[in-house]
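K.L.:
First the structure, then my questions, so here it is.
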Amino acid sequence: ITFPKIVDIERDAFCGCKALTEIEIPKGTASLGMQIFDGCENLTNVTLSDSLESIGDFSFRECAKLTSITIPASVKTIGAWAFFDCTGIEQVYCQATTPPTVGFAAFKRSDNNPNAVGAQMPLPLGCKIYVPAQSVEAYKSAPGWSDYATNIVGY
């Protein structure tokens, strides 16, 4: 799907859409609403606009086939659980030199252990978060980002 110019894409717009495989968020879009692509299990390719400022809570939760995401430098806020249980994710590229505010469990996954209700595990094994080289320490020490310190590397 390629959108025309849009400012905000509201909550649940494509939630659970199993047929969605690729999406391009157009220039001019400022925010992605809560749960916008939640459960889009076949989503493999996402292109975010460099005008995007906010990624809402649960935006890409359970997008299991998403392997890589580039978060533009314009993003100031990544909501809680935004990429939770994206079990296929291998690479996150965050282009901002100043770490965006990141919500609780934004990049974590569930442990699928029925005896550990609500437990979260770290990122999928081997996943790396790439940030500008000069910003590595800022990300590693920033609230929320520090949860992923061992996964953060410079580019």
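Any read-out appearing in this document is the output of simple, stated calculations on the displayed coordinates, not a laboratory observation. Here the structure is a predicted model, which is why all the values come from computation and not from measurement.
K.L.:
Once phi is turned into θ = phi - 60°, what whole-Hz ³J(HN,Hα) does the Karplus curve with 6.51, -1.76 and 1.60 give for every residue of segment 14-19, x standing for Gly and Pro?
P.N.:
Along segment 14-19, the couplings run 10, 3, x, 6, 6, 7 Hz.
K.L.:
Something else now. Of the listed pairs K76/K108; K27/K140; K65/K128; K108/K140; K27/K128, which have alpha-carbon separations greater than 25 Å here?
P.N.:
As for pairs spanning more than 25 Å Cα to Cα, those are K27/K140; K27/K128.
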